[in-house]
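Taken together, the values in this text are just the output of simple stated rules run on the coordinates, not laboratory data. It should be emphasised that the depicted structure is a prediction, and the values quoted were computed from it without experimental measurement. Here the Cβ positions follow ideal geometry from the backbone for every residue, glycine too, while neighbour counts run over all protein chains shown.
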There are 4 protein chains.
Amino acid sequence: MNQPVSTAIIGASGYSGEELVQLLLKHPQADLVAVTSRQHAGRKLSDVFPKFGHLPQSSKLCFSEPNPQELAKKAKVIFLAMPHGTASQYARPLLDAGCRVIDLSADFRLRSANVYREFYGENHPEPELLDQAVYGLPEIYRDSIRNGSLIASPGCYPTSILLPILPLIREGLIQASSIIADSLSGFSGAGRKTDQSLLFVECNESLRPYGVPKHRHLSEIEQEISIAEGNTTTIQFTPHLAPVNRGILTTIYTAPTTTFHSDQEMESLNLKIAEVYQKAYSSEPFIRVIQKGSLPDTKNVIGSNVIEFCWRLDPRTGRLILMSAIDNIVKGAGGQAVQSFNILCGFSESTGLL
Amino acid sequence: MNQPVSTAIIGASGYSGEELVQLLLKHPQADLVAVTSRQHAGRKLSDVFPKFGHLPQSSKLCFSEPNPQELAKKAKVIFLAMPHGTASQYARPLLDAGCRVIDLSADFRLRSANVYREFYGENHPEPELLDQAVYGLPEIYRDSIRNGSLIASPGCYPTSILLPILPLIREGLIQASSIIADSLSGFSGAGRKTDQSLLFVECNESLRPYGVPKHRHLSEIEQEISIAEGNTTTIQFTPHLAPVNRGILTTIYTAPTTTFHSDQEMESLNLKIAEVYQKAYSSEPFIRVIQKGSLPDTKNVIGSNVIEFCWRLDPRTGRLILMSAIDNIVKGAGGQAVQSFNILCGFSESTGLL
Amino acid sequence: MNQPVSTAIIGASGYSGEELVQLLLKHPQADLVAVTSRQHAGRKLSDVFPKFGHLPQSSKLCFSEPNPQELAKKAKVIFLAMPHGTASQYARPLLDAGCRVIDLSADFRLRSANVYREFYGENHPEPELLDQAVYGLPEIYRDSIRNGSLIASPGCYPTSILLPILPLIREGLIQASSIIADSLSGFSGAGRKTDQSLLFVECNESLRPYGVPKHRHLSEIEQEISIAEGNTTTIQFTPHLAPVNRGILTTIYTAPTTTFHSDQEMESLNLKIAEVYQKAYSSEPFIRVIQKGSLPDTKNVIGSNVIEFCWRLDPRTGRLILMSAIDNIVKGAGGQAVQSFNILCGFSESTGLL
Amino acid sequence: MNQPVSTAIIGASGYSGEELVQLLLKHPQADLVAVTSRQHAGRKLSDVFPKFGHLPQSSKLCFSEPNPQELAKKAKVIFLAMPHGTASQYARPLLDAGCRVIDLSADFRLRSANVYREFYGENHPEPELLDQAVYGLPEIYRDSIRNGSLIASPGCYPTSILLPILPLIREGLIQASSIIADSLSGFSGAGRKTDQSLLFVECNESLRPYGVPKHRHLSEIEQEISIAEGNTTTIQFTPHLAPVNRGILTTIYTAPTTTFHSDQEMESLNLKIAEVYQKAYSSEPFIRVIQKGSLPDTKNVIGSNVIEFCWRLDPRTGRLILMSAIDNIVKGAGGQAVQSFNILCGFSESTGLL
């Protein structure tokens, strides 16, 4: 067994950062040497998060101020788990110091600084790095991740939408512009922000949409669909919040490129879709295409790095409906980042994730 | 003040029936004289539902077996809160005995026995009564309800979809066939059934679709849209379950009949929609069209008979998105039934509902 | 029917204040003429709380700054729903202006300014008013409330503990010093504070004690038990938080003053206890003593002003166990305050509360 | 690394069984060769529990009928995760066939068949095996577990109570008869039973006691306290249910054997308690004694085999209060059973549990 790889997390006090801590502390090939947090600097990791107290490695870790130069001396791979706009200022010095960087924020997900400005309302702070960044969706960009130095780990909603959609787009089975993605998320997706609307009593027994009609994640969803399609595409996306801690359930409505008027045509299209997924995903460790009968449920994926999804053809409307479930904090954030970490370190992709 | 109207509830042990009990016990113009339940026959109402114990009228009520002849002697208006297929067998004898009947099941909502057979999988037990039944959506069928003898109170999902949609259809503002309705419901919608999938631990921290792509409520949604449109229409509808007790949140995607390419065209369409709703609903006591800024939230309507909804035009996709929230057990069941009761008794429509 | 009584609420933006708004808007004998909130001053009531939008009276109400002189001109009875320490500064000018004041904070619940200082950590801001204040537990102090000008509405935990305990203390059936009260509360009890520990994700799937061993409510619980006992008494009290919006469930362990070694002795003590409660509470509209079989459940009292409780003798340990359930925001706050309001206005005590 | 130990689970369809499946599938030294379930016999493990689908070993597993002779041929260690009364009939044939048995039911926890009859209401089906059984609380009975053939894994409530209490009893610091244990449990503790009172809507927003005053777990709690005390002891125990999936929070009220009237005496007793726990538990991998400031919270232990607890002396009442948190399905069931498995196989005790 090789020497473990030294890692650090900048911004380890939010929900994604906390999950990363857990995954890296349990990872047999990773050595977590530093965690930073402005809010908690100076406190022991296990004082802030008592649940890590029984993991042997946790006792040596204290939160520090985020100092890229210091961190670069200690760690080969650095995870950034900070709000967008903040992460990018750490990337440059870390890359210059020879670290490889896995960023969980939105800062390096878009190829275009203009699109960033349109969706995030400010100029991109490090536009020169955009070319260098790899969109860290392993099932699509595995080879680029392997050799990447700056990995932009995808958003939670985009992960739940792109994995079921992209193979169908690539094979020309659906009309990209017909896509309507309707998502439900748990409240960890809103982050550990002390906002009145996120108090328990305000969220429990509440169901609500938000960010209608132009949520920021649309930008990366459309970017990746456009790349797969070969054409600039605009889609519809609506997120909602429901009172669970974790989980995203997405239902996607699409128009197939072929119609199906008879049972036979429908069966033929079903077979075609099954083949496309079989070809794309049959050896993926974290994709579960539900074959028959049942529908996805977030409770099947909570705490795991798996996406499960299925599809239904509706002979009455001619539409193809896709439904997917992920844990927004694992496959939608920390777990997917560790999957990229495994790839760029040359480890088996599911190391520390099963 | 007039003499209160005598009422009875057949099937008062489910969630809708329980809500009806509460509403009628507190209703200043209703006298609840009988409640039936096969399961609880012989038990005091307040033994089965301790929460009613402090309402003075509750002490005299015991559950009895459902005997239509006996009930018809005691009560002028009878509510049926039973599963579909069961309710219809009580309607005939009650109507023959001169009662007015408000049915909360699906049995009399469809005008066509064929459509019933297609969606409910069995022959309609009382097809001759279908002509006589009025679809009990007060904001649409108020006049027919006033003189009706058999009111078919709408389903919860249809209520959340039809009220925002119908005025737009009638005014020709949207293409009916473009409608995609995506709904989220709390678990009371699934009924008080001892099914393993409805246990607390199976539902808490779970988000899931069901009934895809042909839920039974589609039949009445399409029926009412088709009537408003003047043409047979097929739409898309997907229900989901989320861990709340009460509430339905529905997001509806539609294509307007006019495009809007400039800000000016968009503003003009917005004004037109506002006018349509103003005309249709400005004096409705239970419809709240959210004017600006905020979006619907089920917590704003829990425990009340109100539907709140709003709309958004998306200039990027050209779609009109509608979002609505109701309490599935009140406006989606018991409250709406009492609203019809008020209409057919000639009471002020919000009596006992504010 | 008499003229409605004009009322105002100072501090209507917290959970108790919001409940008061609802109760007074629906109260047939109250006219809510003003609501104040520093945070929301200038906004319409129904913009801050959309759920009130369908109540006809809500449209005329806007939040204002809390100005006691202005309010005293408009309203005869003023409710204070503010944090402790803040409420007391409004009481004096309102009383001087001839208003009657119902305070939901802790400021006037204690008879001793010293005890206030011990438990609240600061000098009492208006000690001269303490003599004048009446502890607003209607079932115990009904007559004093009737003629009171300053009513100190009890805390939520004290309400759930005192109502089952006091009759037994008065009749000498239990040893006061043996009392251990273990309570579970929903998160509305913690108030609408933007504190990180109150975020949905931090509270959902969490069970935790707090305020051990000297929660502030101990002071009023011990005061009232001591008065009933005729001796200064110290008891044990531990509150816990559980992920529900509303509700307090309290389990109280006590030592009876008589032992029961045989079945006959136990039955005899059971009868005695039943008699004591019968005598104390049989005509109380909001007390439900569960007679047999079942145990209390907060879901039986949510949204109502009822306390339900029961007792069990344990022949193995010789203890008497009491268990009670209330809605902390209704019987534990707003509802109880309205009950006092009804008493001091001479209305039927359950007006607007059934 | 040694050859993995072959294992099987009889009764793998309940919540404890499901957790055992997960722990054993991920355990590096265990080979799970069979799972049984009458209800699911013939179905693939991953069809019943989709969440196991991505674990490589899950694909080979199908549920079978529970046949002890067949299972004994395949597996060296057999876990029984069935209701009490059922488990015991499998123990005899499995032990005769040379298997080691870890039983998660209550069948072998009590040393006395009479106490079993008193608390479980029926004769013990295999009283001869009681002498042979070891109470599987590793922190107390580690040596006996190592050589045991029949391990009776403790109940969830007893685990949360005994671990904080036993060291204090052994050192004579508290009066055993003073113990009052008040526990809060999530609904997985009630099992996967299709009972109307366990439906989501009946449990959500509900707080309730049950099993008052003589819950079955009292029998094993009293047995173990009596052994530690050297005298037969009777204690008080009240369980409650709160709407979380997992977790038990227990608050225990006790009378110390020494009084503490001054700050100095209190500090001295605090030091003594700290020493006792230090001596008993300082090298335990799954016990976290909270040193200062904070209180236990079930969210710190969910998904882990850790118990966390703390204590407080109350100078006002002279009592010592203990508060503990566990995951009822891990440390309270499946995790503790695997901890015993590790001991009897000679593995490091935390193998597969960190």
Next item on the list: Stick to Cα atoms and the Kirkwood definition of Rh, then tell me Rg/Rh for segment B:157-327.
Entry: 0.99
Next item on the list: May I ask for the angle, rounded to the nearest 10°, between helix B:138-147 and the longest principal axis of chain B, with both axes built from Cα atoms and the value confined to 0 to 90°?
Entry: 40
Next item on the list: Report, for B:Ser294, each distance to the same residue's label point in the other copies, shortest first and in nm; define the point 7 Å along Cα→Cβ.
Entry: 3.5, 3.5, 3.9
Checklist line | Whole-number percent relative contact order across chain C, with pairs defined as alpha carbons under 8 Å at least 6 apart | finding: 18
Check: So, in nm, how far is label D:Gln3 from label D:Ser226 when the simple model puts each one 7 Å beyond its Cα toward the Cβ?
Finding: 4.4
Margin query: Report for chain A the percent antiparallel among DSSP-assigned beta bridges with both residues inside it, nearest 5.
Written below: 45
Next item on the list: Give the angle, between 0 and 90 degrees and rounded to the nearest 10, that separates the Cα long axis of helix A:156-170 from the longest principal axis of the Cα atoms of chain A.
Entry: 40
Checklist line | Distance from segment C:294-354 to segment D:15-54 (C-alpha centre basis), Å | finding: 46
Notebook entry, point to check: If you place +1 on the Cβ of every Lys and Arg and -1 on the Cβ of every Asp and Glu, how big does the dipole about the Cα centre of chain D come out, in debye to the nearest 20?
Noted result: 760
Notebook entry, point to check: Once all Cα-Cα distances of segment D:1-151 are split into 5 Å bins that start at 0, what whole-number percent is in each one?
Noted result: 2, 10, 18, 21, 20, 14, 9, 4, 1, 0
Notebook entry, point to check: What does the average come to when, for each residue of peptide D:248-258, you count the partner chain Cβ atoms lying within 10 Å of its Cβ?
Noted result: 2
Next item on the list: Count, for each residue of A:51-57, the Cβ atoms from other chains sitting within 10 Å of its Cβ, then give me the mean as a whole number.
Entry: 6
Next item on the list: Would you kindly work out, in nm and rounded to one decimal, the distances from the label point of B:Asn270 to those of the same position in each other copy, ordered shortest first, with label points 7 Å along Cα-to-Cβ?
Entry: 4.5, 6.1, 6.9
Next item on the list: Could you tally the net charge around D:Gly14, taking each other residue with its Cβ under 12 Å from the Cβ of D:Gly14, Lys/Arg +1 and Asp/Glu -1?
Entry: +1
Checklist line | FRET efficiency, 1/(1 + (r/R0)^6) with R0 35 Å, evaluated for D:Arg170 and C:Thr259 via beta carbons | finding: 0.70
Next item on the list: Quick one: work out Rg over Rh on the C-alpha atoms of segment A:122-258, Rh as Kirkwood radius.
Entry: 1.00
Check: Which whole-number percent of Cα pairs in segment C:267-344 have a distance greater than 18 Å?
Finding: 48
Next item on the list: Give, in whole angstrom and from largest to smallest, the semi-axes √(5λ) of the equivalent ellipsoid of the protein assembly as shown, with λ running over the eigenvalues of the Cα gyration tensor.
Entry: 45, 45, 34
Check: Relative contact order for segment C:5-132 using alpha-carbon pairs under 8 Å, separation at least 6, rounded to a whole percent?
Finding: 23
Next item on the list: Highest first, please rank the peptides C:280-293, A:263-276, D:74-87 by the mean number of other Cβ atoms sitting within 10 Å of their residues.
Entry: D:74-87, C:280-293, A:263-276
Next item on the list: Please quote Rg/Rh for chain B to two decimal places, taking the Kirkwood radius as Rh and restricting both calculations to Cα atoms.
Entry: 0.97
Check: Applying the Karplus parametrisation 6.51 cos²θ - 1.76 cosθ + 1.60 with θ = phi - 60° to the phi angles of segment C:310-322, what ³J(HN,Hα) value in whole Hz is obtained for each residue in order, glycine and proline being reported as x?
Finding: 8, 9, 9, 8, 10, x, 6, 10, x, 8, 10, 10, 10
Item checked: Percent antiparallel among DSSP beta bridges (both partners in segment D:5-132, rounded to 5) -> 5
Item checked: Distant-in-sequence amide H partners of C:Phe79 (H built 1.01 Å from N, under 5 Å) -> C:Ala8, C:Ile9, C:Ile10, C:Ile102
Next item on the list: Return the long-range amide H neighbours of A:Ser64 (sequence gap of 5 or more, or a different chain), with a cut-off of under 5 Å between placed amide H atoms.
Entry: A:Val35, A:Thr36, A:Ser37, A:Gly42
Checklist line | Backbone HN-Hα couplings from phi across segment A:40-51 [Karplus 6.51/-1.76/1.60, Hz, Gly and Pro as x] | finding: 10, 3, x, 8, 5, 3, 6, 7, 6, 10, x, 5
Next item on the list: Using the Cα centre as the reference, give the magnitude of the dipole from point charges on the C-beta atoms of the protein assembly as shown (Lys, Arg: +1; Asp, Glu: -1; all else neutral), rounded to the nearest 20 debye.
Entry: 0
Next item on the list: Based on other C-beta atoms within 10 Å, arrange D:Ile326, B:Ile329 from fewest to most.
Entry: B:Ile329, D:Ile326
Next item on the list: Return a whole-number percent for the relative contact order of segment B:157-327, with Cα pairs under 8 Å and 6 or more residues apart as the contact set.
Entry: 29
Next item on the list: Per DSSP H run of at least 4 residues, take -39500 (n - 2.57); add these up for the protein assembly as shown, divide by its residues and hand me the 222 nm value, nearest 500 deg cm²/dmol.
Entry: -9000 deg cm²/dmol
Next item on the list: Would you work out which of D:Tyr210, D:Ser283, D:Leu295 lies farthest towards the positive end of the dipole of segment D:199-354, given +1 charges on the beta-carbon of Lys and Arg and -1 on that of Asp and Glu, about the Cα centre?
Entry: D:Tyr210
Item checked: Coil-residue GluC sites (Glu not before Pro) of segment C:105-188, DSSP, other Cβ within 10 Å capped at 15 -> C:Glu122
Notebook entry, point to check: Once amide H atoms are placed 1.01 Å from N in the peptide plane, what residues at a sequence separation of 5 or more from B:Asp31, or on another chain, have their amide H within under 5 Å of its amide H?
Noted result: B:Val5, B:Ser6, B:Thr7
Margin query: Just checking the output field for D:296-307: average partner chain Cβ neighbours within 10 Å of each residue's Cβ?
Written below: 5
Notebook entry, point to check: In whole Hz, what ³J(HN,Hα) sequence does segment D:101-113 give by Karplus (6.51, -1.76, 1.60; θ = phi - 60°), x for Gly and Pro?
Noted result: 10, 10, 9, 8, 7, 8, 4, 10, 7, 9, 7, 10, 5
Item checked: Only Lys, Arg (+1) and Asp, Glu (-1) charged, at Cβ; segment D:157-328 dipole about Cα centre in debye -> 240
